[in-house]
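**Student:** First the structure, then my questions, so here it is.
The values are calculated or read from the model by the stated rules, or taken from the named source; none is laboratory data. All values reported here derive from a predicted model rather than from experimental measurement. As a convention, Cβ positions derive from the backbone with ideal geometry for all residues, glycine included, and neighbour counts pool all protein chains shown. Side chains included, ligands, DNA and RNA excluded: accessible areas come from the protein's heavy atoms. Shrake-Rupley method; radii C 1.70, N 1.55, O 1.52, S 1.80 Å.
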Amino acid sequence: MITVSIIGAGKVAHHLIFTLLEKQGVCLKQIYARNPEKVSNLITKDKIVRNIADLAPADIFIVAVSDKAIEQITSEFTLNNPFIVHTSGSTPMSVIHNTNRKGVFYMLQSFSFDKEVDFTNVPFCLEASDAQDFNLLEKLALTFSQRIYNISSEQRRVIHLSAVFANNFTNHMYSLAKGILEKNDVPFEILKPLILETAQKIQDLDPQLAQTGPAIRKDTSTINQHLELLKDPIEKQIYQLITKSIIEQ
């Protein structure tokens, strides 16, 4: 039985708590939350603590807080040499304020409070300062998913950067597209089949081979028409920059 305590009450912490409560072979021991009401609907009150000093020993402490809070939170631990891991994609393992037992439990997925996550499809990027601790972390990760990767802090930074392009920037494009449509009384739903087809296509095709549209065809007539339609200078600049990138790829 692996005993786990969660530090945090945000989106990642919520999904971990909800999932760990249903895991066999894993015991969710305690939750640290500065605002207990944020997790009171997930777990019994006796398992919620408001002070790091009140945490009891556990096999793994998963720190699921904002990147800037990791160092401060981990510096408050009073337990003797606990195994502490964080869930950040862009933060090195070294920021954990602990002598020699530290690691990373990074899940390469986007988390929202109102959207359930199928962890069986989520890649887990693991790192640990000790081989034995890595094996323990891997054992825990395997209760979630078979997609386990031994990833260094430097590799994880690159993964996080690429994920920003693939996920955050792409989602912002959806938002811009929605705004353009709504200004012209067209519902965003009309784009959803196209969005799904694009996402499904790269399961089988290299993204470069899957690229379509006026830029890859070097269709300057259509490109100029689009630029005339765009009134927002930032949207126009984005269109021009991405079009240039596609043409020159």
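**Student:** With bins 5 Å wide starting at 0, give me the P(r) of segment 143-188 over every alpha carbon pair, in whole percents.
**Tutor:** Calculated P(r), rounded to whole percents: 5, 18, 13, 13, 15, 10, 9, 8, 6, 2.
**Student:** Normalising by the residue count of the chain, find the relative contact order in percent from Cα pairs under 8 Å and 6+ residues apart.
**Tutor:** Computed over the chain, the figure is 12 percent.
**Student:** Here's something else I'd like to know. Note the direction-averaged projected area, equal to a quarter of the hull surface, for the Cα convex hull of segment 127-166, in nm².
**Tutor:** Average projection, Cα convex hull of segment 127-166: 3.2 nm².
**Student:** OK, next. Please compute the volume of the convex hull spanned by the alpha-carbon atoms of segment 103-249 and report it per residue in Å³.
**Tutor:** Here the figure is 153 Å³ per residue.
**Student:** What value, in deg cm²/dmol to 500, does the helix sum -39500 (n - 2.57) over DSSP H runs of n ≥ 4 give at 222 nm once divided by the residues of the chain?
**Tutor:** That comes out to -11000 deg cm²/dmol.
**Student:** Now, a different point. As an exercise, use a Förster radius of 51 Å and the Cβ-Cβ distance of residue 241 and residue 71 to find the FRET efficiency, rounded to the nearest 0.05.
**Tutor:** 0.90
**Student:** Continuing with the same structure: At a threshold of 8 angstrom on Cα-Cα distance, excluding pairs fewer than six apart, so keeping six or more, what relative contact order does segment 23-169 reach in percent?
**Tutor:** Relative contact order, segment 23-169: 17 percent.
**Student:** I want the antiparallel fraction of DSSP beta bridges within the chain, as a percent rounded to 5.
**Tutor:** Beta bridges within the chain, antiparallel portion: roughly 20 percent.
**Student:** For segment 12-102, what log10 I(q)/I(0) values come out of the Debye formula at q = 0.15, 0.17, 0.24 1/Å, with one point per alpha carbon and no solvent?
**Tutor:** Cα-only, vacuum Debye calculation for segment 12-102: -0.57, -0.74, -1.44.
**Student:** Can I ask one more? Using a simple charge model, +1 on the beta-carbon of Lys and Arg, -1 on the beta-carbon of Asp and Glu, nothing else, what dipole does the chain show about its Cα centre, in debye to the nearest 20?
**Tutor:** Dipole of the chain, to the nearest 20 debye: 240 debye.
**Student:** Which net charge results for the neighbourhood of residue 178, defined as the other residues with beta-carbon distances under 14 angstrom from its beta-carbon, given Lys and Arg at +1 and Asp and Glu at -1?
**Tutor:** With Lys, Arg at +1 and Asp, Glu at -1, the neighbours total -3.
**Student:** Moving on to the next point. DSSP loop chymotrypsin sites (Phe, Trp or Tyr not before Pro) in segment 86-116 with at most 10 other Cβ atoms within 10 Å of their Cβ, which ones?
**Tutor:** 113
**Student:** Separate question: So which trypsin sites (Lys or Arg not before Pro) in segment 1-64 pass both tests, a DSSP loop state and at most 16 other Cβ atoms within 10 Å of the Cβ?
**Tutor:** When the trypsin sites (Lys or Arg not before Pro) of segment 1-64 are filtered for loop state and at most 16 Cβ neighbours within 10 Å, 23, 34, 50 remain.
**Student:** Here's another thing I want to ask about it. Taking the Cα centre of the chain as the origin and placing charges on Cβ (Lys, Arg +1; Asp, Glu -1), which of 103, 77, 222 is farthest toward the positive end of the dipole?
**Tutor:** With unit charges placed on the Cβ atoms, the residue in question is 77.
**Student:** Return the label of the correct value of mean projected area of the Cα convex hull in nm², as calculated from the structure shown, out of [x] 16.2; [y] 12.3; [z] 18.2.
**Tutor:** This structure yields the entry labelled [x].
**Student:** Counting only protein heavy atoms and using a 1.4 Å probe, what share of the accessible area of segment 46-136 belongs to carbon plus sulfur, as a whole percent?
**Tutor:** 45
**Student:** Using the heavy atoms of the protein chains and a 1.4 angstrom probe, tell me the accessible area per residue for the chain in square angstrom.
**Tutor:** 60
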